[in-house]
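Undergrad: Got a structure here, written out as structure tokens. Questions coming.
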Amino acid sequence: MAPSAQTLASAHDLDLVALAVTGGREAFGELVRRHGSAVRGLLRRMGADPTLADDLAQDAFLAAFEQIADFRGEGTFQAWVKRIAARLYVKRWRRDARLDLMAEPPEPDAAPGGGESGAADRLDLDEALRTLGPSERVCVSLCYGGGLSHVEAALALNAPLGTVKSHVKRGLDKLRARMAPRRPLEDPESAHV
Amino acid sequence: MSDKTFEMDLERQFAATPILPDSDTFALRVTARLDRGWTFRQLLIGGLGLIGGLIGAGQVLGSGLLSRLETISAQSDTLVKSGIASLPAARGLTTLLSVGSGMDSQVLWMSAGLGALAVGLFVTRAIREL
């Protein structure tokens with residue numbers, strides 16, 4: 001007998017995976033409900049527009065269902081699907097030849113709100129990611145959002161490891177500069193608040 | 001902020017994704033695609049099985065296997081009856097078997113057909129479970 005929706009809603013991810021392995025599509029649907037937003041969010045952060053992010057997220061979940069028996073529970077289910085989705089995004093991007101990792105990175109964009117005089121003390125991650133070059137954005141998202149190591153990211157991107165590392169380093173430097181809280185000395189008033 | 005702390009903070013922010021308002025709709029779309037794929041797979045397997053069965057049946061009929069089997073069946077029927085008839089204690093049984101002498105081969109084929117149907121049902125069920 002198929003478990004009720006209430007039972008599924010309260011079940012642990014690993015139990016749902018076990019049901020999905022035996023063909024339980026309702027159990028897998030519950031996993032999609034739980035983790036769909038995270039996977040779609042990662043794809044958007046990597047640079048996919050919302051429509052493409054949704055399409056790829058769907059493909060990632062379908063691929064996950066096909067390969068569900070390979071999930072060993074060594075990490076979380078969400079991290080596993082995120083890796084699948086991140087690889088699908090990279091594959092799509094490479095197919096569309098939009099990602100040239102060997103290209104020189106663009107000059108840093110001005111921070112939203114206007115550089116030095118920017119009002120925000122701390123930029124939101126999504127805003128900060130938008131200021132990165134496409135290659136930096138993909139590399140940083142793969143490693144810090146998709147959970148891939150530098151080596152895995154290099155393999156997924158079919159790029160030299162050194163190139164990936166330098167994109168990650170440059171991306172992190174830019175993110176740090178844009179997301180770090182303003183030092184108190186720069187804004188004496190806020191230091192006394 | 002140290003490099004390590006910043007990287008941990010970055011991972012935490014990546015992990016903290018807000019639930020999108022249409023998450024239920026998205027899940028329904030995925031399960032619908034899953035169901036469509038499943039239905040298509042079942043139809044494909046069933047269709048291929050039917051085609052294969054028809055081809056196999058055509059081959060069997062074309063090779064004259066049925067008439068040969070019928071002959072063998074009739075011969076074995078005669079052999080069994082003559083064997084039983086030679087046993088004095090089993091004369092009643094011979095009478096019982098000979099009631100439907102014309103029907104014996106039909107019963108045999110019906111049994112074989114039902115057996116094939118049962119195998120077919122079992123295979124279909126097994127495919128569903130896989």
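Undergrad: Among the residues of the range A:85-95, is any modelled with pLDDT of 80 or more and part of a loop (DSSP other than H, G, I, E, B)?
TA: Among the residues of the range A:85-95, not one is modelled with pLDDT of 80 or more and part of a loop (DSSP other than H, G, I, E, B), which makes the answer no.
Undergrad: Surrounded by fewer than 20 Cβ atoms within 10 Å (Cβ to Cβ) and either assigned by TED's automatic domain parsing to the domain that holds A:E152 or not aliphatic (A, V, I, L, M) (or both): does that describe A:H12?
TA: The answer is yes for A:H12.
Undergrad: Let me ask you something else. Identify the residue in the range A:135-185 that is assigned to a loop (DSSP other than H, G, I, E, B) and away from chain B (no Cβ under 14 Å) and, among all such residues, is farthest from A:R94 (Cα to Cα).
TA: A:P160
Undergrad: Given the criterion more than 8 Å from chain A (Cβ to nearest Cβ), at pLDDT below 90 and surrounded by 14 or more Cβ atoms within 10 Å (Cβ to Cβ), identify the matching residue among B:I55, B:I45.
TA: Of the residues listed, the single one that is more than 8 Å from chain A (Cβ to nearest Cβ), at pLDDT below 90 and surrounded by 14 or more Cβ atoms within 10 Å (Cβ to Cβ) is B:I45.
Undergrad: Looking at the structure I just gave you, is A:L123 part of a loop (DSSP other than H, G, I, E, B), surrounded by 20 or more Cβ atoms within 10 Å (Cβ to Cβ), within 14 Å of chain B (Cβ to nearest Cβ) and modelled with pLDDT under 85?
TA: Values: part of a loop (DSSP other than H, G, I, E, B): yes; surrounded by 20 or more Cβ atoms within 10 Å (Cβ to Cβ): yes; within 14 Å of chain B (Cβ to nearest Cβ): yes; modelled with pLDDT under 85: yes.
Considered against the rule, which asks whether it is part of a loop (DSSP other than H, G, I, E, B), surrounded by 20 or more Cβ atoms within 10 Å (Cβ to Cβ), within 14 Å of chain B (Cβ to nearest Cβ) and modelled with pLDDT under 85, A:L123 comes out as yes.
Undergrad: Pull up the range B:80-108, narrow it to residues that are at pLDDT 75 or above and not charged (D, E, K, R), then point me to the one that is nearest to B:L69 (Cα to Cα).
TA: B:V80
Undergrad: Filter the range B:8-36 down to residues that are assigned to a helix (DSSP H, G or I) and facing another protein chain (nearest Cβ under 7 Å), then give me how many there are.
TA: The total comes to 14.
Undergrad: A follow-up question, please. When the range B:1-42 is examined, which residues are found to be farther than 19 Å from A:G29 by Cβ, of a type outside the set (D, E, K, R) and at pLDDT 85 or above?
TA: B:T5, B:F6, B:M8, B:L10, B:Q13, B:F14, B:A15
Undergrad: Give the residue that is nearest to A:C139 (Cα to Cα), with candidates limited to residues of the range A:23-73 that are under 13 Å from the mean Cα position of the chain (by Cα) and among the basic types (K, R).
TA: Once the filter is applied, the top-ranked residue is A:R45.
Undergrad: Would you kindly identify the helices (runs of 4 or more DSSP H) lying entirely within the range A:6-78 that contain at least 1 residues that are facing chain B (nearest Cβ under 8 Å) and touching a residue at least 24 places away in the same chain (Cβ under 8 Å)?
TA: Working: elements: A:13-21, A:25-46, A:50-66.
Of the helices (runs of 4 or more DSSP H) lying wholly inside the range A:6-78, those with at least 1 residues that are facing chain B (nearest Cβ under 8 Å) and touching a residue at least 24 places away in the same chain (Cβ under 8 Å) span A:25-46, A:50-66.
The values are calculated or read from the model by the stated rules, or taken from the named source; none is laboratory data. Since the model is a prediction, treat every value here as computed from it, not as a measurement. Don't worry about glycine lacking a Cβ; one is built from the backbone with ideal geometry, like all the others, and counts go over all protein chains shown.
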